[in-house]
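The values are calculated or read from the model by the stated rules, or taken from the named source; none is laboratory data. This structure is a prediction, so every number in the text was calculated from the model and none was measured.
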Amino acid sequence: MTPELLASLCLFAFVTSATPGPNNALLFASGVNYGFRRTLPHLLGVTLGFTFMQLALGLGVGLVFEAVPGLYSVLRVLGLGYMLYLAWAIGTAGPPASSEQAGAKPVTAKGQPMSFLQASAFQWVNPKALMMCITAASAYAPPEQPVLGAFIVTAAFLVVGMPCCGAWAVLGSIMRGLLQDRRRMRVFNVTMALALLASMVPMGKDLFQGVRF
């Protein structure tokens, strides 16, 4: 891989990893509701789960999508359905439990943050993540060195993507102090649910453009 192509790959990894999407919206909301420490398994699940998927697709699992064209569409439909559920769960989340007294520990939202395994598995039904992996594997992995190319693409996303995703969780945890009020937290959760729904619009349009009624 030439230095120019590697630089282009890193830029692609940065832009796609840093811009809003289902993963970043969920990490940001988790940072606000649970803090960075409790969101850490979620963050590791996103980054390592995406890394595994990128490597698997780069090493040949992507051939399955070519052999079974409908599989990709099925996964995207499942992903959009699951994101609708996540948006509902965030938007209807109960208000945080109050601190017992002023100056006590920050309020903690009811429920549990997404686990490492849940976040890892979510990558396989996350339409944006799937499109990122397939695009990177087809555009940046040299066809004459497919295995080496797959590892380079995977490493680039791991090195560039983890800080980008982590920044969303950190930003969310920083904003916890501004959202101690129950009403503000409720407004925030509804806003994040709407943002997650908005992130689904381009993927939904792309998925259903080919549908004929």
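Please determine whether any residue of segment 97-119 is assigned to a helix (DSSP H, G or I), at pLDDT 90 or above and among the aliphatic types (A, V, I, L, M).
yes
Within segment 142-156, which residues are more than 10 Å from L59 (Cα to Cα) and modelled with pLDDT under 80?
P142, P143, E144, Q145
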